[in-house]
Amino acid sequence: MLVVIPQVLNAEQVGAVRERLEHACEAWVDGRVTAGYSGAPVKFNQQIDERSDVALECQRLILGMLERNPRFISAALPNIVYPPMFNRYSEGMTFGAHVDGSVRIHPHDGRKLRTDISATLFLSPRDSYDGGELQVQDTYGTHSVKLDAGDMVVYPATSLHQVTPITRGTRVASFFWIQSLIRDDTQRSLLFDMDNAIQRLNQTGADEEARRTLVGCYHNLLRQWSET
Ligand code: NI
């Protein structure tokens, strides 16, 4: 399930993050430093040293916004969120087809995190660059994603995906992974659909007892399927 989460950051917050990243010249490194053996040969971009002060500051802002984003919580059902990382693609840069590594070590506390969900938060205005589309393959075909600055997409980390070459301008984004309470994408999608339906029924003031039953089913399924 691929879900777009609009306006994780507002324009002011995007500007603040962009400005910090742009001034952190010494913290930008070759993107291959964190690529595994399958990603490294196809990865041509730059990223910010994830332990640098600028990374820590921007991570705090994004994590704080995600914590209170109901659509993100509902779609991802997050257990552990990897601290957001930041990358930059200039003209000619690309990241060929790959699957993200399945397990990552949390950079701050050394915990192992299973990557159930991959996330990309777009930080450059959509019309400021050409190319740089995130293409995600799933059982229904290939989805091309290019969002406005501040918008985010989450998709199963099991998906083969790529970033197409930049032909004009620069694409800056944040990317990270989530270990979900619900490991299985199909189960997570069902819960997301159910939660959305319940929210809509709440807004229309539908039969209260039926809604209560549905809410109970949602939580009992979550309880049955979740792992912490
Ligand atoms: Ni990737």
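In the chain, if the dipole is taken from +1 on Lys/Arg beta carbons and -1 on Asp/Glu beta carbons about the Cα centre, which of Gly15, Ala35, Gly64 is farthest to the positive end?
Going by the charge dipole, the pick is Ala35.
Can you give the local net charge around Gln199? Use residues other than it whose beta-carbon is closer than 13 angstrom to its beta-carbon, Lys and Arg +1, Asp and Glu -1.
Value of the local net charge: +1.
In whole angstrom, note down how far apart the Cα centers of the range 1-66 and the range 120-163 are.
15
Taking the Cα atoms of the chain, report the difference between the largest and smallest coordinate on each principal axis, in whole Å and largest first.
Answer, in whole Å and largest first: 58, 37, 35 Å.
Out of the range 77-170, which trypsin sites (Lys or Arg not before Pro) are coil in DSSP terms and have no more than 14 other C-beta atoms within 10 Å?
Here the sparse-neighbourhood loop sites are Arg111.
Sum -39500 (n - 2.57) across every DSSP H segment of at least 4 residues in the chain, then divide by the residue count to get the 222 nm mean residue ellipticity, nearest 500.
Dividing the helical sum by the residues of the chain leaves -10000 deg cm²/dmol.
Return a whole-number percent for the relative contact order of the range 1-145, with Cα pairs under 8 Å and 6 or more residues apart as the contact set.
Once divided by the residue count of the range 1-145, the mean separation gives 21 percent.
How large are Rg and Dmax for the range 167-209 when calculated on the C-alpha trace, in angstrom?
Cα-based Rg and Dmax for the range 167-209 come out at 17.8, 56 Å.
Using the Kyte-Doolittle scale, which helices in the chain average at least 1.0 and also have C-alpha atoms spread 18 Å or more along the helix axis, with helices defined as whole DSSP H runs?
none
Would you kindly compute the Cα radius of gyration of the range 185-225 and its largest Cα-Cα separation (Dmax), both in Å?
10.4, 30
Can you list residues from other chains, or at least 5 along the same chain, whose modelled amide H is less than 5 Å from the amide H of Gly150?
Phe122, Leu123
Hey, got the dipole for the chain? About the Cα centre, +1 on K and R Cβ, -1 on D and E Cβ, debye to the nearest 20?
320
What ranking of Glu227, Glu50, Glu22 emerges when the number of other C-beta atoms within 10 Å of each C-beta is taken as an exposure proxy, fewest first?
Final ranking by Cβ density, sparse to dense: Glu227, Glu22, Glu50.
Quick one: Debye curve from the alpha-carbon atoms of the range 1-48 only, equal weights, vacuum; give me log10 I(q)/I(0) at q = 0.18 Å⁻¹ to two decimals.
Cα-only, vacuum Debye calculation for the range 1-48: -0.80.
No value in this document is a laboratory result; all are computed from the given coordinates. From a predicted model like this one, the values you see are computed outputs, not experimental measurements. Quick reminder, even Gly has a Cβ in these numbers, built from the backbone with ideal geometry, and neighbours come from all protein chains shown.
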